[in-house]
Amino acid sequence: MRLRRPARAGRKAARPRPQRRTGAASCPSCGAPVKFRNRRSVARVCEYCDTTLVRDDAGDALRELGKVSHLVADASPLRIGATGTCFGVGFSVLGRLQIEHETGLWNEWFLEWADGHTGWLGEALGQYLITFPARGEGIRTFVPLFDELSVGQRVVIDGKRYTVTELRKALATGTEGETPFVVEEGYELPYADLRRGSDGFGTIDYSEDPPLVFTGRCVSWPDLNLRGYRSFDGWQG
């Protein structure tokens, strides 16, 4: 897949953009109803025909981008429509991006928070990471280049020291629900994962120039206070 993020929003948000209207429209491919819940969302996969739909800045018109790759079946208990509470604030799950590298895959779930923010819930091998765009002034200017980083190196973000724990080049392979960017074929995602203390987490996304930085925390399944999630035999939170 290729991620194309017009004017940047949501997971990699930086600049303000027109506020689209929420509401329902019809899929130009199959005629099914299509509803965007978040004003920052740019694209949505039709749940009936799997066509990726992109809306204009006003949110009045939808255009077809084509079919996206199917998601790999996994044992995730998360799903679109689930709700929860973390850090004392409620959230809803609006979309998912599935990302793959040489040792496996992980999910990035697009969250809408009750206080108006959006963020991401990363999920891999039973670990959960909540991140938001870093807000420090000049943060994009001082991020090292991908090729200049090494595991164990220290990086300062928003005045806090993080340690690089992983450097990889991944591939976005599938999506569902709504997202704050457009997904297209053939997109590589170089990234650096960072840690701080026992639960501090950060990631640098080098798919954009300048790089995009996110910080947050590692959380446990009980911390999410989820409702409406999938349950199945053999799974324990």
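Structure notes:
- Residue check, residue 85 of a type in the set (S, T, N, Q) and surrounded by 21 or more Cβ atoms within 10 Å (Cβ to Cβ): no
- Residue match in region 127-147 (condition: part of a strand (DSSP E or B), without any contact (Cβ under 8 Å) to a residue 24 or more places away in the chain and either under 17 Å from residue 190 (Cα atoms) or in contact with a Phe, Trp or Tyr (Cβ under 6 Å, 6 or more places away or on another chain) (or both)): no
- In region 179-229, the residues that are of a type in the set (Ser, Thr, Tyr) and buried (at least 17 other Cβ atoms within 10 Å of the Cβ): 179, 191, 203, 206, 207, 215, 229
Every number in this text was worked out from the coordinates using simple rules, so none of it is lab data. Owing to the predicted nature of the structure, the values given are computational and were not obtained by experimental measurement. Cβ atoms come from the backbone with ideal geometry, glycine included; neighbour counts cover every protein chain shown.
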